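Participant: Dropping a structure here in structure tokens format, bear with me for questions.
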Amino acid sequence: MPVKSILPPDIFRIHLPLIFALDHVNCYLIIGEQGWEVVDAGLSTSESCRYWNRAVRELGLNWQQLRGIYITHYHPDHYGAAGWLQNQSGAPVYMLSAGLKEVEIAWGNYEVLFSEYSSFCRRHGMPDRLIEELLANVERAAYTVYPQPQVTTLEDGHEVRLGDRLGQVLWTPGHADGHYCLYSSQDKLLFSGDHLLPSITSNISLWPGSQPNPLLNYFSSLKKISTLNIDLILPAHGDTFGDLAGRVEMLYLHHRERLKFMAKLAAPGVDAYNICRKVFGWNLTVQEIQFAFSETLAHLVYLEQEQVLESVSDQGVILFRRGPNLDG
């Protein structure tokens, strides 16, 4: 059965299949007296749409009572079927304005995207053959994002209705510039999207057109969330969990250790692609390389901002090397 009850009893999780390394995404249905809301949409595939229709039938819901589709960020496993859900129901699709900008970059003009992404990867040392494979992977993902919805923008701090409770929109950039969580102080719960996951770390990536220091943004977002009174976290991947403070501390530790390791690797003067391979290895799928490469860059630009490293151009390729604060 694709639907699972989550405490509190008005919240249900639908476990949607993916075509990526992660084999599922959690989307949530929140049912109120006068209607229901959705958090995240999954991919726009025939299988996902069948799961959605089955969930609606099993719960005795009516598509016309869907009041809001909350998309935590633009990645295809969250945004992909938003337009399909909107067509089924007529409900508004909600994203942050920063998230809508990412939609326009990622799912708008593919010719511009591919040109910019090719140049970006090449500047950071990636071989042309691999760039072509990455572009083909991005193109495959685009087939899971349709139709495009009409998006209504939210801002940080907005109050929204989630079933019969009020929730608060919390901008949490890092995993994506326009990522947001939904927080209910009444029930002490957080729909965390990909910002907080129970057993794996969120991918923190630098992409063309993104904010210049996503890891710094992620640290700030962790600090923001850690001040809240939260007993239950409902993530986009994996099971629900608690112990917010413990999980946040583990994430800080993970990134501190990775920063230290990458700083040592880069000190002699190395491009991001080769640092990526030294950290993550060579036995990776194309999709794994894509995320590992962009995460490597997020850490390197953080180190550059801290003057632990500096970057120089060598025959059109950017090298990272020892900066004044490496041993500080």
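Participant: Taking region 1-58 on its own, how many of its residues are farther than 20 Å from Met95 by Cβ, in contact with a Phe, Trp or Tyr (Cβ under 8 Å, 6 or more places away or on another chain) and touching a residue at least 40 places away in the same chain (Cβ under 8 Å)?
Facilitator: 8
Participant: Every residue in region 149-168 that is closer than 23 Å to Ala106 by Cα and either outside the structural domain of Lys224 (by TED's automatic domain parsing) or aliphatic (A, V, I, L, M) (or both), please. Quick ask: steps written out before the conclusion?
Facilitator: Our first condition is that a residue be closer than 23 Å to Ala106 by Cα; within region 149-168, this holds for 149-156.
Answer for region 149-168, where residues must be closer than 23 Å to Ala106 by Cα and either outside the structural domain of Lys224 (by TED's automatic domain parsing) or aliphatic (A, V, I, L, M) (or both): Val151, Leu154.
Participant: Report yes if Asp77 is touching a residue at least 12 places away in the same chain (Cβ under 8 Å), within 16 Å of the chain's Cα centre (by Cα) and under 22 Å from His237 (Cα atoms), otherwise no. Reasoning before the result, please.
Facilitator: Numbers: touching a residue at least 12 places away in the same chain (Cβ under 8 Å): yes; within 16 Å of the chain's Cα centre (by Cα): yes; under 22 Å from His237 (Cα atoms): yes.
Answer is yes for this residue.
Participant: Residue check: is Tyr183 farther than 27 Å from Asp10 by Cβ and in contact with a helix residue (DSSP H, G or I) (Cβ under 9 Å, 6 or more places away or on another chain)?
Facilitator: no
Participant: Scan Ala91, Ala55 and give me the residue that is within 14 Å of Thr152 (Cβ to Cβ) and surrounded by 14 or more Cβ atoms within 10 Å (Cβ to Cβ). So that I can check it myself, show each step before the final result.
Facilitator: Details: Ala55 fails: within 14 Å of Thr152 (Cβ to Cβ).
Just one listed residue meets the conditions, Ala91.
Participant: Need the failing condition index for Gly316 against (1) surrounded by fewer than 14 Cβ atoms within 10 Å (Cβ to Cβ); (2) of a type outside the set (Lys, Arg); (3) over 27 Å from Asn137 (Cα atoms), just the number.
Facilitator: The single condition Gly316 does not satisfy is (3).
Participant: Give just the number: which of (1) crowded, with 22+ Cβ neighbours inside 10 Å; (2) closer than 25 Å to Asp23 by Cα; (3) assigned by TED's automatic domain parsing to the domain that holds Glu102 does Leu215 not satisfy?
Facilitator: In the conditions (1) crowded, with 22+ Cβ neighbours inside 10 Å; (2) closer than 25 Å to Asp23 by Cα; (3) assigned by TED's automatic domain parsing to the domain that holds Glu102, Leu215 misses (2) alone.
The values are calculated or read from the model by the stated rules, or taken from the named source; none is laboratory data. The structure presented is a predicted model; accordingly, all values stated were derived computationally and were not measured. Here the Cβ is made from the backbone with ideal geometry for all residues, glycine too, and neighbour counts use every protein chain on show.
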